[in-house]
Amino acid sequence: MKWIYRLIILTLMVCMQPLTSFADDQAEYYEQVYLTEKQALTLVFQDLQTEKREVTPTKEERKSIQKLLKRKIKDKSFSYFIGKKDNKEMMYAWILDEQGKHFPMTFIVSLNNKAIVDQVAIMVYREKRGDGVKRKRFLNQFKNKGSSDPVEIDTDIVHITGATISSWSIAAGVKKAIILTEKLILKKSENSL
């Protein structure tokens, strides 16, 4: 008779396991604001004059960008910032949202006028775990990356343990900023000359 009770208890424990695992994996919104837009722009542009612009890719540009990123882009247009000195464009910055495990994270990527990454900084992180991507040790890996670099986890970027999904997302966002700068800003300014 005892073995029947043990079997019933064991069966209940096995059946309940997926429910407890599901409960542990529930998304908990936990917003941590590290930088406002103004603070982020001051960080990356310092004393440069800041100007905000919007760019809408053509159908061909969109296709080309998606091919280079190896993923679809949902945005119809993109806002970016220009850092100017003596009316000359010195730097560009993109404030991007990329999906983390459950919620998007917001970060800024600044690039020089040759589409080479200068800085990456986390602005808003919205989950309890995985915010290790805000560390300089991780973010400094993106400095001096350009379109000829893979900018991929386990290729030229080392992910943060405990923040693997966030690491992949930041890398994807930085690659996106590089490609957008090259294809939508620099290419258009070359064509207008």
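The values are calculated or read from the model by the stated rules, or taken from the named source; none is laboratory data. Just so it is clear, the model here is predicted, and its values are computed rather than measured. Heads up, the Cβs are rebuilt from the backbone with ideal geometry, glycines too, and the neighbour counts pull from every protein chain shown. To get the accessible areas, we keep the full protein, side chains included, count just its heavy atoms, and leave off ligands, DNA and RNA. Shrake-Rupley method; radii C 1.70, N 1.55, O 1.52, S 1.80 Å.
Given the convex hull of the Cα atoms of the stretch 61-193, what is a quarter of its surface area in nm²?
Values: hull surface 33.4 nm².
For the stretch 61-193, the mean projected area of the Cα convex hull comes to 8.3 nm².
Which Rg and Dmax, in Å, describe the Cα atoms of the stretch 41-136?
14.9, 43
Which residues does the label zone of Lys128 cover in the stretch 81-102, counting backbone N under 17 Å from a point 7 Å along Cα→Cβ?
Inside the label zone: 101-102.
Assign unit charges at the C-beta atoms only (+1 for Lys and Arg, -1 for Asp and Glu), then state the dipole size of the stretch 89-179 relative to its Cα centre in Debye, rounded to the nearest 20.
320 debye
Could you tell me how far the Cα centroid of the stretch 100-141 sits from the Cα centroid of the stretch 161-186, in Å?
Between the Cα centres of the stretch 161-186 and the stretch 100-141 lies a distance of 9 Å.
Which listed residue (Gly132, Ile185, Ile116) has the Cα farthest towards the positive end of the charge dipole for the stretch 79-193, taking +1 on Lys and Arg C-beta and -1 on Asp and Glu C-beta about the Cα centre?
Of the options given, the answer is Gly132.
Starting from the Cα coordinates of the stretch 118-170, work out the convex hull volume and express it per residue in Å³. Walk me through the numbers before you get to the answer.
Working: hull volume 4.0 nm³, N = 53.
Dividing the Cα hull volume of the stretch 118-170 by its residues yields 75 Å³.
Using the heavy atoms of the protein chains alone and a 1.4 angstrom probe, what is the accessible area of the stretch 20-101 per residue in square angstrom? Could the numbers behind the result be given before it?
On the way: 5810 Å² over 82 residues.
Accessible area per residue, the stretch 20-101: 71 Å².
For Gln39 and Lys72, compute 0.36 nm times the residue count separating them, minus their Cα-Cα distance, and round to one decimal in nm.
Length gained between Gln39 and Lys72: 8.9 nm.
Which percent of the accessible area of the stretch 51-161 is formed by carbon and sulfur heavy atoms (probe 1.4 angstrom)? Provide the component values of the computation, followed by the final result.
Details: 2970 of 6230 Å².
Accessible surface attributable to carbon and sulfur in the stretch 51-161 totals 48 percent.
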